[in-house]
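Structure record follows, encoded as structure tokens.
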Amino acid sequence: MDGLVTLHGMRQQRPAGFALIEILVELCISATVAVRRGLAAYVHAAQMARVRREMEGLSDHYLRDIGLSRNEIDRIFR
């Protein structure tokens with residue numbers, strides 16, 4: 001049941017500016033979600049760059065041991 005409905009079935013009068021407050025709250029929530037997604041994408045990209053650098057630092061012998069060649073490293077991160 002709607003929280004703004006009284007026992008008599010009539011809607012309560014909302015204070016002036018209530019719609020503006022709702023809009024501002026929704027904008028803040030949307031901005032927060034966008035920032036969190038951006039940060040998550042940045043963290044993921046940084047982790048992938050670190051892993052790529054570590055793989056490029058491995059010797060050719062070790063890469064062969066794990067079944068990779070040096071030119072396959074780029075394909076992994078596409």
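The values are calculated or read from the model by the stated rules, or taken from the named source; none is laboratory data. Note that this is a predicted model, so its numbers are computed, not measured. Reconstructed Cβ throughout: ideal geometry from the backbone, glycine too, with neighbour counts over all protein chains shown.
Some notes on this structure:
- Count of region 43-73 residues, restricted to those that are loosely packed, with under 11 Cβ neighbours inside 10 Å, under 32 Å from the mean Cα position of the chain (by Cα) and in a helix (DSSP H, G or I), is 9.
- All conditions in (1) modelled with pLDDT under 95; (2) of a type in the set (A, V, I, L, M); (3) surrounded by 10 or more Cβ atoms within 10 Å (Cβ to Cβ); (4) assigned to a helix (DSSP H, G or I) hold for LEU20, with the sole exception of (3).
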